[in-house]
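**Student:** This is the structure I have questions about; it appears just below.
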Amino acid sequence: MLKRLVLTMPAIFCWGCVAPGWQWPGVLTPQGAAVQLADENIVRQCQYLGDVTGRSNSLDYARVDALNQAATMQATHVVFVSETAYQAMARAYRCRAPAPAPTPASAPAPAPAAVGSDDSRVAKIRAREQAAGAAAAADQH
């Protein structure tokens, strides 16, 4: 009984060290991975959210920490402004996603293809390509 207790105690103690939400330092979260590196020109029209400072035992891990912090602020971009061996300072920004291109309302919807009409569609496309090629060749002369 004592032998079992001695063998299971280290496992119990290690399990207690891993709290929910805790992660190893230097691990980039999925949200942090979505934050893009930028320069001042890219974020000119973006909303400034604040500064973040990542700290760790190496510059790489400090940058990861800064990206994760920016992600918690709902940032989409960061601009690193100062870096040392153990610290990375950045400005966090939220940039709007570009608006999708408007689709013309007057464009007719493509007609559903009839069964067995694949050969006729291919023939029409080839005829258009040949006509366009002939027109281009005539314009060059």
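Just so it is clear, none of the values below were taken in a lab; they were calculated from the coordinates. None of these values were measured; they are calculated from a predicted model. Heads up, the Cβs are rebuilt from the backbone with ideal geometry, glycines too, and the neighbour counts pull from every protein chain shown.
**Student:** Ranking request for peptides 85-92, 65-72, 35-42, 48-55: highest mean number of other beta-carbon atoms within 10 Å first, then the rest in descending order.
**Tutor:** In descending order of packing, they fall as 65-72, 85-92, 48-55, 35-42.
**Student:** Now for a different question. Counting only other residues whose beta carbon sits under 14 Å from that of Val27, what net charge do I get with K and R as +1, D and E as -1?
**Tutor:** With Lys, Arg at +1 and Asp, Glu at -1, the neighbours total -1.
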